[in-house]
Structure formats: structure tokens, C-alpha cells
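No lab work stands behind these numbers, since they all come straight from the coordinates. Model, not experiment: these values are computed from the prediction. Methodologically, a virtual Cβ is constructed for each residue, glycine included, from the backbone with ideal geometry; neighbour enumeration extends over all protein chains shown.
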Amino acid sequence: MIRRIAFGFTAALALATFLWLRQSHRPNVLIISVDALRADALSSYGGTTSRTPQMDALASAGVLFRQAVCDVPWTRPSLATLLTGRDAATHRVRSHIDRLRADLPMLPEVFQAAGYRTQAIVSAFELDSIYRLDRGFFGYDDTFVDPIVAAAGDRVHMASVYFGDASKDRSFRHSKLEIDAMRPDQQTADAAVGFLRREGGQPFFLWVHFFGPRERWPSGATPEMLVPAYPKGVEATDAQVGRVLQTLAQLGLQNRTIVVLHGTNGQSLTEHDLFGHGTDLYEPSLRVPLILSWPGHLPAGKQVAALASLADVSPTVTEMASLRPQEMTDGRSLLRLMDAPDSGDRRLYIETFVLAHAKLSQVARAPGEAEQRFGTAVRGMRTQRWKYIRSEPHGLIDLGYPAIVSDELRRSRRREELYDLQADPSESVNLVEREPEMARDFSRWVDDHVK
């Protein structure tokens, strides 16, 4: 009897030891998202206006993807793509009041099921838990303390609420922007450092989102006043990213942690006479830095020219952690892009519906029709060399009863653009009339992909 008990204890101890060893050898995952970070803001991408020693050091220690793009140039849908591995045609987060579909599997759920401690620290109301990006996280820190759009008078903290009523949710979002819709990067870094010091001894999946150099709008601000502030904002964020990475090294976790750093979207700084992000699909808004690092497992200082998408992050980190991937993704493992020759034929879907919000609507009439109020849907496709963009009237997406747009108005107001990014990286020469067959092919592909 005693012998059987001793054998049972020994077997249990052996199993516990095996499980502990397996658990302790699992790589951690740290995803760092920086809002409105265009690729050429980093020195490692050839930028000259900002000093970014911390992010550049990460690139030197890992793999830098030179042609990485987001599929939607604003925060919530772009990060919905990253967390689900599905592009915007599937997750359909399009308006400022849209929530993520509840039926789409999410990347943190994969790691949570594998026994990881999953934690998110986000810095903008666009990522509030009310929008359903918190699934799969044991902890979701969405503490916001400052306004994005300054308002006069005292500000009282607003608890986040989702009404499910378009009018109420639009009004609530506007109030949040004027009261407490963002968290400064220093506080975000404080929270991330605290998590690493508390929880770094167990396998973790940590997503840290920095507000970054994204514009704030104090009273009376104009784009001309905000453009010069962008490089300084990049440098300030770089310092806070560095604090998180330095803590990782101080705790001896550097070689055990997969680090992904990326921009959520870019930022137009008066290119095409635009400032900010969200309304257009030009390169300053779409192209973002993407860096992958795991010392001892990935080559240091490698640069990859193949076209990459934020949807690629999900299949990449699950493969690197030897976990079962999400059932379906629109992305490809970045490891495959590193090792295989680039064929140049990959097509990525891109879109933005920001101009289809009621606040930005237009009024027009098609020949022989009554006056109509409408927004604009901007959809397109990006390859290694080519960019196709199609803008056309669309119903308003943030109303309870969106405006209906006639086929005639859609046809009469439709506009197409085609750019050869190799010959024309500034997207200044529209080639639609010179290359009509290519434009038709790309347009059909966009329609098929959306369907």
C-alpha cells in the first residue's frame, strides 16, 4: 500500500515537473501597437525628422518588414484586423460606433486557452471594452484620463456605456472625446512595466497600445499648428516604448519573449493636401512599421521587402509559440514571407468608410433624380507594386436609418485611381486612363473580395 502511494506521488511529481518545464519554456508574446505611426517616422525606415533609438534598436535585433500596411487607416478596425487575423471585409468594423462581431475568434483566446496570462493595456477610447476587443483577455486595462478634443470647463470622468442606439452612441462618443478619451503614453508604459514586474514569471500574452504621436485637438488648433508637433510626439513615444523593452531585459525575459511592434495606421502630414488619418487610402495613411524580434530564434538586422499586412501577426505568433492557429485568417505567417522569394503578386484589400459618417455627408442630385444626402466609401487593393482606389457614394453608416443612395448617383460620382508605387511612390500620377484593363481587373477583385 505504501509502495503504491509512493509510486503515485512520484508519478504526480513527474507530471507536475513536466508540465512546469513545458510551461516555463513557452515563449511570451508582447505586442506593442503605436497609434498614427507612419513607417518613415522611424530612423530604421529612412526617416530623418525624429530620433527613435529604442524602436530602431528593436529593429536591429530582429526583422523589419519594409512594406507593411494596415487595411483600414484608423485605430479600431485596424486592430480588429490584427486581433482576429481577418480583414475589414470580414470583421466589418466600419463606423465609429461599430462593435466587433461576437462570432469571430480572437488571437488572445488562443493564448488564454493554452494557459497564458493574457493582458491588454490600451490608450484610446476607440479600443474601449464596450467595442468587444477585450475577448480572450484576463485583464483589459482601458483607463482613459485626458480629452482628445479639448472642451472648456471642468471634466468629470464618464463610465463607458454602449447603448445600441445610433443617436445615443454618437452623442456619447462625442462627449468622451471632450472629457476622457485617451491615456498619456507615460501612464501606459507605467501600467505595462507594472504588469511585467508582477506577472513576468509565468507565460504571458501582453498587448500594449500607445496613443503615440496621434494628434490631439486643443481649442483653436489647426493642421498647420499640429504638423510640426508630430516628430516630437514620435520621439516621446519611442522613449516610453523603450521603458517597456528595458524592463523586459532587466527581468531576464528578452530571450524568452516574442516582440511585435507596429503602427496601427499611418498619418498624413499634408500629403495630398490631407492631415490626419482615416479618410484616405494613400501611402502616408496606410504604410506602417512592422518589426518582429525574438533573440536567438530570429535573425538580427534582417529586412524583408515582401508585402505584409497586420492580419499576418496572428498566424505568425501562434506558429512561433507552437499553438493551434485560429481556424481562419486572411493573413500569412511572416516567417513564410521571410524565407520565400517574393512573387510580388499578393493582393491586399483596403478600405475606409470614415467619409460615410453623417457628420461628413454631402448633398447632391443625379440627373433626373431628387436631391440625396450621402457619404463616401473608399475601397481598394494594394500589391507590392500597384495601388488601386475606388471612391463612390454610399449610405450613411452611423445612423439608425442610413440614407439610401441610388445607382445613378453612385455611377455619376464614382472615381477610380491607379498608381504604380515603384515609379510613383508619392501617388501623383493617376494611371486609370492609361491602364483601363488593369483597373477593371482590380475593381472586379475588390468586388469579389467584399462578396
Would you order 388, 419, 230 from fewest to most other beta-carbon atoms within 10 Å of each residue's own beta-carbon?
230, 419, 388
Cα Rg, Dmax, the range 104-246, angstrom units:
16.7, 50
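Would you mind computing the Rg to Rh ratio of the range 353-450 from its alpha-carbon coordinates, Kirkwood style for Rh?
Using Cα coordinates only, the ratio equals 1.03.
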Extending each Cα 7 Å along its Cβ direction at residue 406 and residue 435, get the distance between those two points in nm, one decimal.
3.5
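Please report the antiparallel percentage of the DSSP beta bridges confined to the chain, to the nearest 5.
55
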With the contact rule set at Cα under 8 Å and sequence spacing of 6 or more, what percent relative contact order holds for the chain?
22
Counting other beta carbons within 10 Å of each Cβ, put 241, 69, 193 in order, fewest first.
193, 241, 69
Just to confirm a number: summing +1 for Lys and Arg and -1 for Asp and Glu over residues other than residue 376 whose beta-carbon lies under 11 angstrom from that of residue 376, what do you get?
+4
Spin-label point model (7 Å from Cα, Cβ direction): what's the residue 175 to residue 327 distance in nm?
3.9
Ranking of 210, 204 by count of other Cβ atoms within 10 Å, fewest first
204, 210
For the pair residue 157/residue 57, report the inter-label distance in nm, with labels modelled 7 Å from Cα in the Cβ direction.
3.4
As a check on your grasp of the helix formula, calculate [θ] at 222 nm for the chain: sum -39500 (n - 2.57) over DSSP H runs of n ≥ 4, divide by the residue count, round to the nearest 500.
-10000 deg cm²/dmol
Dipole of the chain, positive end: most advanced residue of 317, 138, 356 [Cβ charges, Cα centre]
138
So the FRET efficiency between residue 143 and residue 239, C-beta based with R0 = 25 Å and rounded to 0.05, is 0.75
Taking the Cα centroid of the range 102-160 and of the range 199-251, what is the distance between the two, rounded to the nearest whole Å?
16
Please report the Cα spread of the chain along all three principal axes, rounded to whole Å, starting with the longest.
95, 56, 47
Solvent-free Debye scattering, log10 I(q)/I(0), computed from the Cα coordinates of the range 283-413 at q = 0.15, 0.20 Å⁻¹:
-0.83, -1.11
